[in-house]
1. Name the residue that is nearest to ligand 4 (Cβ to nearest atom), counting only residues in region 144-160 that are assigned to a loop (DSSP other than H, G, I, E, B) and surrounded by fewer than 19 Cβ atoms within 10 Å (Cβ to Cβ).
2. Would you tally the residues in region 32-63 being surrounded by 19 or more Cβ atoms within 10 Å (Cβ to Cβ), more than 21 Å from Val110 (Cβ to Cβ) and of a type in the set (A, V, I, L, M)?
3. Would you be able to say whether some residue in region 180-194 is in contact with an Asp or Glu (Cβ under 6 Å, 6 or more places away or on another chain), more than 16 Å from ligand 3 (Cβ to nearest atom) and under 19 Å from Ser81 (Cβ atoms)?
4. If a residue must be part of a loop (DSSP other than H, G, I, E, B), of a type outside the set (A, V, I, L, M) and more than 16 Å from ligand 2 (Cβ to nearest atom), how many such residues does region 34-55 contain?
5. Mind counting the residues in region 200-242 that are in contact with a Lys or Arg (Cβ under 6 Å, 6 or more places away or on another chain) and either charged (D, E, K, R) or in a loop (DSSP other than H, G, I, E, B) (or both)?
6. Out of all the residues in region 248-269, which are in a loop (DSSP other than H, G, I, E, B) and either more than 15 Å from ligand 1 (Cβ to nearest atom) or out of contact with any Asp or Glu (no Cβ under 7 Å at 6 or more places or on another chain) (or both)?
7. Does any residue in region 253-275 that is away from ligand 4 (no atom under 16 Å from the Cβ) come within less than 9 Å, Cβ to Cβ, of a residue that is part of a loop (DSSP other than H, G, I, E, B) and β-branched (Val, Ile, Thr) six or more places away or on a different chain, and which pairs are these?
8. So which of Gly113, Gly106, Gly58, Gly102 ends up being part of a loop (DSSP other than H, G, I, E, B), farther than 20 Å from Arg276 by Cβ and either free of Cβ contacts under 8 Å to residues at least 12 places away in the same chain or more than 12 Å from ligand 4 (Cβ to nearest atom) (or both)?
Amino acid sequence: MTTPLSIAHDPAALHAMNADLHCHSTVSDGWLEPVEVVRRAKANGVDLLALTDHDELGGLALAAAAAAELGIGFVPGVEISMSFAGETIHIVGLGIDPGNPGLIAGLLQVRAGRDARARRMSEALAAVGIAGALEGAHRFARNPALVSRAHFARHLVASGVMPDVRTVFDHYLVRGKPGFVEHEWASLEDAVGWIVGAGGIAVVAHPARYRLSAADMTRLLDRFAAAGGEAIEVVSGAHTDDEMRRFATVARQRGLLASRASDFHGEKESPVDLGRCNPLPADLIPVWSRLI
Ligand code: AMP
Ligand code: MN
Ligand code: MN
Ligand code: MN
């Protein structure tokens, strides 16, 4: 993106940019096509947008072209699923080269695992009397290579099993519930390595959402930094104000770059719309200082 030098070198102007560096399209579990995501971001006043579909790069070319046409800054991104201490952790990659062979091969592997998991989820749901869940989830997945728990949840709502997506997750799709199956995603070192290898900056997504002990969170952040990770989402659509302050402190103490991200999936499912996140605390270094 071409940015006036006056912005790139003026910390206050950098902070004032409306950056939204994490969201989803129909290429993963968002409701809008990549081009529609960019249009909505533009309408909402976003200056710099990253599309970060789960384990997929397929929407980036269309989104980048739409962004160029509409005159909005665009950062190619991805959100990679990885396993750590028994939890699924999401690492966002920003400014990656979508043509990087190592990243492409790594994501192909993650999607193969995702496909196998979807089959096991469907079997687990069948065992409690919910038949045909895989076919149902596929009806909501516009990309057959990317079935997410969100697609299962939408199918269970549409078929009248539960009133809304949140309730489906609480009753069926989280650990300990009948539709949840354990799954081994990428390793932390692989996920961060693929991003860094593709010229990107690795970002810990929505850090407050993980059920980790304080010791495991410390280990996660230590290993993330050791692997070459540099940033953390401080402002996230998935964070409360208290959680934002907690991770602002983490960013300061660890010298991490700070990201700002709605994690928008769609109007009906997301608490925060594109570009409508809180501002970053003024003393933090925005991750986008390295992306423009
Ligand atoms: P997956 O990557 O297939 O495990 O699916 C994770 C996705 O499910 C997230 O990216 C969200 O889109 C959605 N999700 C996870 N937890 C919840 C929840 N409690 N309520 C609604 N959606 C959720
Ligand atoms: Mn999602
Ligand atoms: Mn996520
Ligand atoms: Mn996300």
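The values are calculated or read from the model by the stated rules, or taken from the named source; none is laboratory data. Because the structure is a prediction, the values reported are computed rather than measured. Here the Cβ is made from the backbone with ideal geometry for all residues, glycine too, and neighbour counts use every protein chain on show.
1. Of the residues in region 144-160, the ones assigned to a loop (DSSP other than H, G, I, E, B) are 144-148, 159-160.
So of that shortlist, the ones also surrounded by fewer than 19 Cβ atoms within 10 Å (Cβ to Cβ) come out as 144-145, 159-160.
Values: Pro144: 20, Ala145: 17, Ser159: 25, Gly160: 27 Å.
If we take residues in region 144-160 being assigned to a loop (DSSP other than H, G, I, E, B) and surrounded by fewer than 19 Cβ atoms within 10 Å (Cβ to Cβ), then Ala145 is nearest to ligand 4 (Cβ to nearest atom).
2. Adding up the residues that qualify gives 7.
3. The answer is no; no qualifying residue exists.
4. So the first thing to find is which residues in region 34-55 are part of a loop (DSSP other than H, G, I, E, B), and the list is 44-47, 52-53, 55.
Applying the additional criterion that residues be of a type outside the set (A, V, I, L, M) yields 44-45, 47, 52-53, 55.
Imposing the further condition that a residue be more than 16 Å from ligand 2 (Cβ to nearest atom) reduces the set to 44-45, 47.
Qualifying residue count, region 34-55: 3.
5. 1
6. Result: Gly255, Leu256, Asp263, Gly266, Glu267, Lys268, Glu269.
7. Gly255/Ile285; Leu256/Ile285; Leu257/Ile285; Ala258/Ile285
8. Answer to the selection: Gly58.
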